[in-house]
1. Are any of the residues in region 201-215 closer than 24 Å to Ser124 by Cα and in contact with an Asp or Glu (Cβ under 9 Å, 6 or more places away or on another chain)?
2. Just checking, which of Ser276, Ser282 is in contact (Cβ under 8 Å) with a residue 24 or more places away in the chain, in contact with a helix residue (DSSP H, G or I) (Cβ under 6 Å, 6 or more places away or on another chain) and not basic (Lys, Arg)?
3. So in region 180-202, with the set limited to residues that are surrounded by fewer than 16 Cβ atoms within 10 Å (Cβ to Cβ) and not in a helix (DSSP H, G or I), which one is nearest to the chain's Cα centre (by Cα)?
4. Considering only region 89-125, state which residues are farther than 30 Å from Gln23 by Cα, part of a helix (DSSP H, G or I) and open to solvent by 50 Å² or more (accessible area, probe 1.4 Å).
5. Is there a residue in region 189-207 that is farther than 18 Å from Asn341 by Cβ and touching a Gly at 6+ places or on another chain (Cβ under 6 Å)?
6. Do we have any residue at all in region 126-148 that's in a helix (DSSP H, G or I), of a type in the set (Asp, Glu) and surrounded by 20 or more Cβ atoms within 10 Å (Cβ to Cβ)?
7. Go through (1) open to solvent by less than 10 Å² (accessible area, probe 1.4 Å); (2) within 26 Å of Asp308 (Cα to Cα) and name the single condition Ser171 misses.
8. Can you name every one of the strands (runs of 3 or more DSSP E) wholly within region 203-284 that holds 1 or more residues which are out of contact with any Ser or Thr (no Cβ under 7 Å at 6 or more places or on another chain) and at pLDDT 95 or above?
Amino acid sequence: MKYLKISGIALSLLLGLQYNYAQQMKLEGKVSGIEGKTVRLAYLDRHQNKVEDTLKVNNNEFSGTVKVGDIPEKGVLYIGRIGTPFWMEAGVVKISGSEGFDGNIEISGLKTQDEAIGYANFYSERLKELNQVLYSKNSIISPGEREYLMEKYQRIKNESEDIFVKDHPNSFFSLELIANSKQRHEKKMQLFSSLDSVLKGSVFGKQVLEDLKVSGRSESGQKILSFTRNDINGKSVSIESFKGKYVLIDFWASWCKPCRAENPNVLAAYNKYKDSEFTVISVSIDDDIEAWKKAIAQDKLPWTQVRDRKDKKSEILDYYGIMTIPSTILINPEGIIVAQNLRGEALEKQLKDILLK
């Protein structure tokens with residue numbers, strides 16, 4: 001369930017008024033099977049309003065021009081009902097292919113878009129054999145083998161990011177990769193430091209660096225933020241009062257369906273390990289206090305429940321840059337973060353490794 005959806009790119013768009021929108025991007029398209037169909041270009045203008053430009057189709061061809069800013073931004077080209085995201089910037093963009101769910105739309109000609117395509121092809125080629133093993137209808141893989149293969153999958157992805165950023169230190173797509181990378185905070189900071197100084201000093205570069213600093217607060221080894229919030233009875237509860245135990249801090253809300261679906265897993269873990277120096281504290285971002293209390297009762301959650309919500313904001317989630325719920329942080333008896341985003345089998349495995357060793 002999305003709590004907040006602002007990626008590095010979107011954050012740069014929020015600063016769009018600082019850019020000069022005097023340049024032009026020209027679209028030239030020829031796609032088979034689109035005669036009589038609608039072609040639309042959707043994007044955000046400099047005031048962050050959604051704009052949709054309809055392009056006339058003649059003999060399966062279309063064209064148009066759009067004002068763009070000084071940095072690449074995301075747009076979506078819709079041919080019929082199918083949308084293809086791409087990077088918009090000054091220049092001429094070529095669109096080709098065939099229409100339909102089984103068609104293949106190619107968008108090229110712009111520096112950042114071509115870099116993104118190049119990375120996708122490079123990454124896909126490195127994963128080709130692994131994908132055949134993982135997703136072949138004839139593959140029979142044990143849970144242990146799948147876990148090993150998924151770890152290998154992530155290693156290849158990380159290596160691909162490292163290679164691309166090293167080879168493209170002045171690319172906005174490198175910033176995009178770093179902003180959305182699943183690598184450790186220290187590694188992402190190293191990748192960011194390797195970028196060209198002009199790119200790092202851009203508005204987008206500065207925003208990505210700020211995002212990295214925020215996300216780094218929830219990295220393993222960091223001290224948990226000291227906070228005090230009220231429980232369902234209005235009593236103040238401090239995270240400091242849980243010292244001496246492993247604590248799962250569970251961020252959720254009554255209206256969040258994935259959160260409610262995950263509650264039975266958290267409950268099972270709590271019941272299994274509550275006598276092994278483990279407990280849970282749930283932090284809700286509910287605005288409706290009664291709905292929050294009702295959900296706690298319905299899901300039969302016996303552990304401490306507090307609410308982090310004031311003026312439609314959640315200070316703890318904002319501090320850690322948590323953009324989606326459910327989300328979790330596991331801390332050790334000294335209040336040091338040891339893991340993040342544990343759910344389902346991952347939560348059970350982590351607790352088993354820590355508490356039953």
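1. no
2. Answer to the check: Ser276.
3. Checked region 180-202; the qualifying residue nearest to the chain's Cα centre (by Cα) is Lys182.
4. Phe122, Ser124, Glu125
5. Looking through region 189-207, at least one residue is farther than 18 Å from Asn341 by Cβ and touching a Gly at 6+ places or on another chain (Cβ under 6 Å).
6. Looking through region 126-148, none of the residues is in a helix (DSSP H, G or I), of a type in the set (Asp, Glu) and surrounded by 20 or more Cβ atoms within 10 Å (Cβ to Cβ).
7. Unmet condition: (2).
8. The qualifying strands (runs of 3 or more DSSP E) are 228-230, 246-252, 278-284.
The values are calculated or read from the model by the stated rules, or taken from the named source; none is laboratory data. Since the model is a prediction, treat every value here as computed from it, not as a measurement. Because the Cβ atoms are built from the backbone with ideal geometry, glycine has one as well, and the counts that use them run over all protein chains shown. The protein model used for the area step is the full one, side chains on, heavy atoms only, and it has no ligands, DNA or RNA in it. Shrake-Rupley method; radii C 1.70, N 1.55, O 1.52, S 1.80 Å.
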